[in-house]
Structure formats: C-alpha cells, structure tokens
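Reading through the structure tokens given below for one structure.
The values are calculated or read from the model by the stated rules, or taken from the named source; none is laboratory data. Please read all numbers here as calculations on a predicted model, not as lab measurements. Glycine also receives a Cβ, built like all others from the backbone with ideal geometry; neighbour counts cover every protein chain displayed.
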Amino acid sequence: MERIKEALDRARQQREADNHAAPAKAAPEVGRPASSGLDIAYTRTRVLTPDPVVMRDSKLIGFGQSGDVVTDAYRMLRTRTLRAMDDNGWHSLAVTSPCPGEGKSLTAINLAMSMAREINRTVLLVDLDLRRPSVHKFFGFDIEHGISEYLTEDVALEDVLINPAVERFVILPGSGRVQNSSELLNSPRMRALASELAQRYPERIVIYDLPPVLAVDDALAFSSLVDAFMLVVEEGSTQAEDIVAAHDVLSQANIVGTVLNKAAESQGHYYY
C-alpha cells in the first residue's frame, strides 16, 4: 500500500500542475473515420472480423445463450452511465476493480459495445492494463503492436487501432506485458494522447480498461487524465474491506458508480 500512497501524492501534484500548465500540443488525429458524420466508413483504421465463437465463449453481449438478459442489463448500465457523463460534461471513463478476476475487462468491453449502439455516439476502448492486456483476446485477435509500442517505439496509432466490425466502435489494444506500466501511463506522450482522445470529438466516449486498484498503482498514475471511474466488484468474491480500500484510493477521483458483477440470475446478472 505504500507505493499506492506515493502514487496518490504524485497524481495530486500532477493534477495541480496541469491546472496551471499551458495546453499541450495536440497529438496527431487518431481514431476518426473518414466521414464527418456517424455513418462511418473506416479508411485509416484496420477492420478485423472477430471470431464469433470466441466472442460467444467470452460472454460478449449478443453472443451468449442468455444474451437478451445480459444485453438489457448493459443497456441499463449504458443509459445511467451516459446520463451521468452528459450531466457532468465527461468524455472519458476508466473501468477498474479492487482486485484481479472481478470482471472489469468484460464489463468495459460490453459497456463500450452497448454505447456504440447509440447512433449519435462513437466509442474508443483503450486497453491500459499494460501488464496483463486482454481486450484483444475477447475478440480472438492476435496483436503484434499495441499502445505500449505507440508509447515506447516509433509505431503510429493508425497501425494499432482496430475496428472489430462493429459500427462506431474502435479498439486501441494492448500487446505484450510492460513492467514500468505506471511510469508509461504518466508519461508526456500518454498525457498528450489522453487529452487528444477525449477532447477532439464531442460525440466520442473514451473507455479505459485499467488494472485493479489494489494490485498496482497504475490507476492512480492515470487518475488525473480521466474524467471518472467505474468500479467493478464480484458478488460472493470481493471483500467489503477491499471495496472500502478501493474507494479510499480513488477518493480524489470521480466515481460514476459501482457494478456488481456475476450476480445471481434472479437479480438480472448485473446490478448498477
């Protein structure tokens, strides 16, 4: 916990510095389709067709036997989340959990796909779990380069962005494991990218899949760069003291809500 406390102090200091700093130079235009409207034809972003069997087995919405129930639950989550974000003028959302294995990545993907079904929205999902990137695996994609290569090597964003054959939805995946993940998430290149992604297009929602709050200090390192957090907890697994600890760690951040994942079927599978 000592490292997390240190990261919290760094995040607070960086937030204060950002409030007085001059605006950063904009990053290159990324993740935008050729059309200026929302009837989109991607030209610079790779379009890959996901494996439907992998998507079904991964429990992505629309690909499971209980899809109607789960899809309806995500629609409710989407509506409440967008309402809160619109009321506050937020454009970016980080999805995390107290501990590993509580379903944050699946929640982030399904929420992003549900938001993309709104005809007046576009959604960019960014895999920032740099030590254990997994978003691409839910679609059955093999990834050669991801956001870590963009941050550390001479790899263009247009070479890593993916449209998984879903309208108005783009993924910025992770690739191999990165050990200095919190440093990368607080680097000038990441800060410039986060600012560009969130501010250029008013209809775009950016969702970040971040590592668990109590496992590493990555979420704290990134907290000043995102508008709000969503916390995912697992019924019957997440301990009450871990939820309290996670809220304490994120006490300086906006928390849009908490998702109870893997709930009993009588509760509709998901509770917001």
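Structure notes:
- Any hit, segment 90-100, residues being modelled with pLDDT of 90 or more, surrounded by fewer than 21 Cβ atoms within 10 Å (Cβ to Cβ) and outside any loop (DSSP other than H, G, I, E, B): no
- If you go through segment 216-242 and pick out every residue that is assigned to a loop (DSSP other than H, G, I, E, B), among the hydroxyl-bearing types (Ser, Thr, Tyr) and surrounded by 18 or more Cβ atoms within 10 Å (Cβ to Cβ), you end up with 1.
- Where SER195 falls short, out of the listed (1) surrounded by fewer than 22 Cβ atoms within 10 Å (Cβ to Cβ); (2) under 22 Å from VAL47 (Cα atoms): (2)
- Taking segment 154-177 as the range and being crowded, with 18+ Cβ neighbours inside 10 Å, without any contact (Cβ under 8 Å) to a residue 60 or more places away in the chain and either in a helix (DSSP H, G or I) or touching a Pro at 6+ places or on another chain (Cβ under 8 Å) (or both) as the test, the residues that pass are VAL160, ILE171, PRO173, GLY174, SER175.
- Single unsatisfied condition, VAL70 versus (1) assigned to a helix (DSSP H, G or I); (2) modelled with pLDDT of 95 or more; (3) among the aliphatic types (A, V, I, L, M): (2)
- Count of segment 138-153 residues which are over 26 Å from SER223 (Cα atoms) and outside any helix (DSSP H, G or I): 5
Let's see how each residue does on (1) hydrophobic (A, V, I, L, M, F, W, C); (2) touching a Phe, Trp or Tyr at 6+ places or on another chain (Cβ under 7 Å); (3) touching a residue at least 24 places away in the same chain (Cβ under 8 Å):
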residue	(1), (2), (3)
ASP57	no, no, no
ASP86	no, no, no
LYS104	no, no, yes
ASN110	no, yes, yes
ILE119	yes, no, yes
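- Among the residues of segment 178-215, those that are in contact (Cβ under 8 Å) with a residue 60 or more places away in the chain, of a type in the set (S, T, N, Q) and not in a loop (DSSP other than H, G, I, E, B) comprise SER182, SER195, GLN199.
- Between ILE109, ILE61, ILE119, the distinction of being modelled with pLDDT under 90 and touching a Leu at 6+ places or on another chain (Cβ under 7 Å) belongs to ILE119 only.
- Criterion: small (Gly, Ala, Ser), modelled with pLDDT of 90 or more and within 17 Å of VAL135 (Cβ to Cβ) - qualifying residue of SER181, SER175, SER187: SER181
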